[in-house]
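These notes concern the structure reproduced below.
The values are calculated or read from the model by the stated rules, or taken from the named source; none is laboratory data. Everything numeric in this text was worked out from a predicted model, so none of it was measured. Methodologically, a virtual Cβ is constructed for each residue, glycine included, from the backbone with ideal geometry; neighbour enumeration extends over all protein chains shown. To get the accessible areas, we keep the full protein, side chains included, count just its heavy atoms, and leave off ligands, DNA and RNA. Shrake-Rupley method; radii C 1.70, N 1.55, O 1.52, S 1.80 Å.
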Amino acid sequence: MRIIFVRHGDPDYANDTLTEKGWREAALLAERVSGWDVTDFYVSPLGRAQDTASLSLKKMGRSAETMEWLREFHGPVKDPLRGDNAHPWDFYPEYWTKIPAMYDKDGFLDTDVMKSGNVKEEYLRIGKCLDGLLEKYGYVREGGIYRTDRTQKTDRDATIVLFCHMGVTLFLCGHLLGISPVVLTSGFFLAPTSVTVLGSEEREPGASYFRCQMAGDTGHLRAGGEPVSYMGYFTEPFQG
């Protein structure tokens, strides 16, 4: 199975849509997506993700199912450095790297800062929602792996595309890979309209694990001569 996460285009956050640049990015993305053999499309309910998906769906004559849990991860916390209502995926390195539990795939949830909000409840919820979706394709979560011998489903080679957001993508990748999302959100940048692909590997019969094949790929922008957007990054992104 292949799971493809696509971040929305360059955002106009104030109006929850795309900037002019974002629409150009989405058009180049549509050219790329139209060449994929996609089983099903899913999309966040937020406007910037819906708009990004719209051009790909129109080009392919397809539709997508809107999933509420694909909206940007929402679990505001009280951050000692940034104050109240801070995003739990945007900590200053000077702060979070001094907390050993932040590196732990489970322990990060029980740190004081995460417990100041509903991060644990939200993280477990979206993980359960993703697992429920994967079960429809024949993948049943068991500990840190997915069993494929617990179902009669035969479409285990499906490719699904999820149009969503950087924060929720990395939290979901943390769930799939068994990595603290704090490490992922601090260590990985997924540019607007970037493509992140996780494929299942069944090295032993009936036991699958998802492995990242690419993260934050923007080849369609480079091919179309469109610069990579810095939105969500704090230095100049590489344009090569």
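Applying D = kT/(6 pi eta Rh) to region 38-114, where Rh is the Kirkwood radius over alpha-carbon pairs, T corresponds to 4 °C and eta to 1.567 mPa s, the Stokes-Einstein value obtained is 86 µm²/s.
If you take the Cα centroid of region 1-57 and the Cα centroid of region 189-240, the two points sit 14 Å apart. Over the chain, DSSP H runs of length four or greater, each weighted -39,500 (n - 2.57), average out per residue to a 222 nm ellipticity of -9500 deg cm²/dmol. When the C-alpha to C-alpha distance is required to be over 31 Å, the pairs from LYS21/LYS58; LYS21/LYS59; LYS98/LYS120; LYS78/LYS105; LYS105/LYS136; LYS58/LYS120 that qualify are LYS58/LYS120.
Residue ranges 48-60, 138-150 sort as 48-60, 138-150 when ordered by packing (mean number of other C-beta atoms within 10 Å per residue, highest first). Projected label points at LYS59 and ASN118, each 7 Å from Cα along the beta carbon direction, are separated by 3.7 nanometres. For region 188-239, the ratio of Cα radius of gyration to the globular rule of thumb 2.2 N^0.38 Å stands at 1.50. Derived from the Cα gyration tensor, the three semi-axes of the equivalent ellipsoid of the chain are 26, 25, 15 Å, largest first. Over all pairs of different C-alpha atoms, region 51-186 has a mean inverse distance whose reciprocal, the Kirkwood radius, equals 16.5 Å.
Sort the following peptides by mean Cβ neighbour count (other Cβ atoms within 10 Å, averaged over residues), highest first: 24-34, 121-131.
24-34, 121-131
The largest-to-smallest principal axis extents of the Cα set in region 1-74 are 34, 27, 18 Å. At a probe radius of 1.4 angstrom, the accessible area of the chain per residue rounds to 48 square angstrom. The largest-to-smallest principal axis extents of the Cα set in region 108-240 are 47, 42, 22 Å. At 1.4 Å probe size, with the rest of the protein present, what percent of the exposed accessible area of the chain is carbon and sulfur atoms? About 50 percent, which is the carbon plus sulfur part of the accessible surface.
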